[in-house]
1. Select from the range 565-609 the residues that are open to solvent by 60 Å² or more (accessible area, probe 1.4 Å), under 30 Å from V490 (Cα atoms) and in contact (Cβ under 8 Å) with a residue 24 or more places away in the chain and list them in ascending order.
2. One residue is enough: does the range 89-96 have a residue meeting the conditions among the basic types (K, R) and under 26 Å from H461 (Cβ atoms)?
3. Quick test for you: out of R317, R252, pick the one residue that is surrounded by fewer than 19 Cβ atoms within 10 Å (Cβ to Cβ) and modelled with pLDDT of 90 or more.
4. Quick one: what pairs do we get from the range 137-156, first residue touching a residue at least 12 places away in the same chain (Cβ under 8 Å) and part of a helix (DSSP H, G or I), second among the polar types (S, T, N, Q) and surrounded by fewer than 18 Cβ atoms within 10 Å (Cβ to Cβ), C-beta under 8 Å, 6+ apart or different chains?
5. Count, please, the residues in the range 572-623 that happen to be assigned to a helix (DSSP H, G or I) and basic (K, R).
6. State whether one or more residues within the range 257-277 are assigned to a helix (DSSP H, G or I), within 26 Å of T225 (Cβ to Cβ) and basic (K, R).
7. Which residue out of Q444, Q515 is open to solvent by 40 Å² or more (accessible area, probe 1.4 Å) and farther than 30 Å from R368 by Cβ?
8. Six or more apart or on different chains, Cβ atoms under 6 Å: show the pairs whose first residue is in the range 334-356 and surrounded by 16 or more Cβ atoms within 10 Å (Cβ to Cβ) and whose second is β-branched (V, I, T).
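The values are calculated or read from the model by the stated rules, or taken from the named source; none is laboratory data. Predicted model, so just to flag it, every value in this text is computed and none were measured. When we count neighbours, we look across all protein chains shown, and the Cβ atoms used for this are built from the backbone with ideal geometry, even at glycine. Accessible surface is based on the protein model in full, side chains and every heavy atom, while ligands, DNA and RNA are left aside. Shrake-Rupley method; radii C 1.70, N 1.55, O 1.52, S 1.80 Å.
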Amino acid sequence: MKNWTAIAAMALICFAAHAQKEQVLFTVADDTVTKAEFEYIYRKNNAQVEDAYSDEKIREYLDLYTNFKLKVKAAKDQGIDTSATFLKEFEGYREQLIKPYLTDRTVTEELLNEAYERSMYEVRARHILIGVAPDAPPADTLKAYRTITMVRDSILGGADFGEMAMKFSTDPSAQDNQGDLGYFTALQMIYPFENAVYRQDTGEISQPVRTQFGYHLIEVLDKRTSRGERQVAHLMVRPEAGVSEAKGAGGRQKIDSLYEQLQQGASFEQLVRDFSDDPSTKAQGGKLPKFATHSRFLPAEFIEEAFRIRNIGDYTRPIETRYGWHIIKLLDTFNVRNREEMEEELRTKIARDARSELSEEAALAQIRQENKFKERQKHLKPAREQIDSTLLSGELVIDEENLPKNKWVVKMGKEKFYPSDFIRWLEENQEPNKYKYLPFAIDQYYSDWKDETVVDYQIRHLEENHAEYRNLLKEYKEGILLFDVTDKMVWSKAMTDTAGLEAFFERNQSDYTWQQRVEAEVYSPKNKAIATQVKEMLAEGIPPDSLTGLLNLEDPINLGYTYGKFEQGDNEVVDKVQWTKGVHETEEDGKHYIVRIQEVLPPQPKELKEIRGMVIADYQDFLEEQWIQELKQKYPVTINEKVLSKLF
């Protein structure tokens, strides 16, 4: 009696829990949103919100969420969720969401720890490569192994490593660097190579190391603690492609002249803005992203000079790289980041690196275990016997009639997979010239099919087995629908509805007004003598283009020039002079400026062409508000106050 009572009680508890999950919080027309769905979304997006679970905050978010669901409903009614564009984008997101369920988190954490510990050090090494393909016939593999062994014995016997690299290495760069790879750190080399380097002592010649490229001999030349990162700015003069030697010398003359200006106290940032040839950093005063000594995006000589600067604010003499001439200024230094700061970056790099296969292999093993994976390779024998060399050329065709129909090769859960399944997959996925050796090709293709079968099984059962994945999938689907329908009804509409935009601007023109402005020319002369010439030439009525051209003939940085219409706050130099017509002089950051104000413009309405971007943004807000009201009329929203009162 007690057992039956317990069973009945348990059944009631389960039923109550299920009913709680399915409580409807609100409806949008005939679509329902459950209390459980809203709670999940609310907790996820309000974890850091102060007083998040007050009645006011919940109702405020509920209003936003009902608007969201209204737009999703509109998107579905417009058929956006069945369009080819949507389905393609959604499939891309779905593939990303699946990835965490196809990797082993424990192994991933171990790889993260290993990568972080290795990133504390920089290693300089050289290598000799004897190339051999992963699928090479045994005879070719043996030949490569014997060659690398012979080379190693020669080096241990006294032969010079660099000379042997130039003579035997199949790495083309060995002819220039004698196998020296410079300094590098974790996640910059392929994983087997990295493992060998970090496990090896300085000066030691490794045993042959096999990678996807062949066999390597490795000598570690140096190991040092990472020197952290630096951030610098640079003032750059770029030589023009194919210019004469005389013009190239002119580039050197320009960088030397700029260096002289710095020595005399000129602002580095202002010189960059006026004269640097690097458009990507010019507006930021020449600032570059942080980099370490092993960074690959900057020339080695640039990095070495940057790390020689001792004090923040100091700068180098002009140096030359393949990009041109540079003066480098040290902005900041950074110690090696801690694990938490590096985690996201390391995780991304590991996911793209071959070592991620370790995590995938562990996950595959876990999936096999959870789904009672079984394998009977002997049942594949009749199929293997029919596979011939046409597989290597990608032309294999096999008659399935000769394959056993009732003998499975792989079994997962209640699903069975037969030799014919493998053969059909093989015929679809074979690639010409992918492999050169038939036994290796068959084994590799079978291994790939088996893994793909396991992964496919996991994916097909993810939604039913993992609530977290199910919720995320719905979020992404509705998020894409929201973006697409809002773009159609609001964002793109505001961009293309010229008549509507103009009517909106006219109705709200009082909101768009210029404050007092000046129309002005701003001149930045190199010195007082140039300033005097500028004033004289302005008095003579020489136009700005001719004026700057004449004064920059002898030295390209004699005079900088800017023209525009400025409100207060737009330009620091213009702000410092009196706003009256005529020529004015001032200083900013120790540099002399001449400002000629052509016109003082009173407050006046802005023209649409002057502020089109701002008006479009406001028009979009207007269209969205109008659209929401239309949706509420079309799709009535009904909120279950009784369920709402029980939230949290």
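1. Q604, P605 - these are the residues of the range 565-609 that are open to solvent by 60 Å² or more (accessible area, probe 1.4 Å), under 30 Å from V490 (Cα atoms) and in contact (Cβ under 8 Å) with a residue 24 or more places away in the chain.
2. Yes: one or more hits.
3. R317
4. Every condition considered, the pairs that remain are R152/Q207.
5. Residues in the range 572-623 being assigned to a helix (DSSP H, G or I) and basic (K, R): 3 in total.
6. no
7. One residue alone meets the criteria, Q515.
8. Qualifying pairs under 6 Å: S356/I350.
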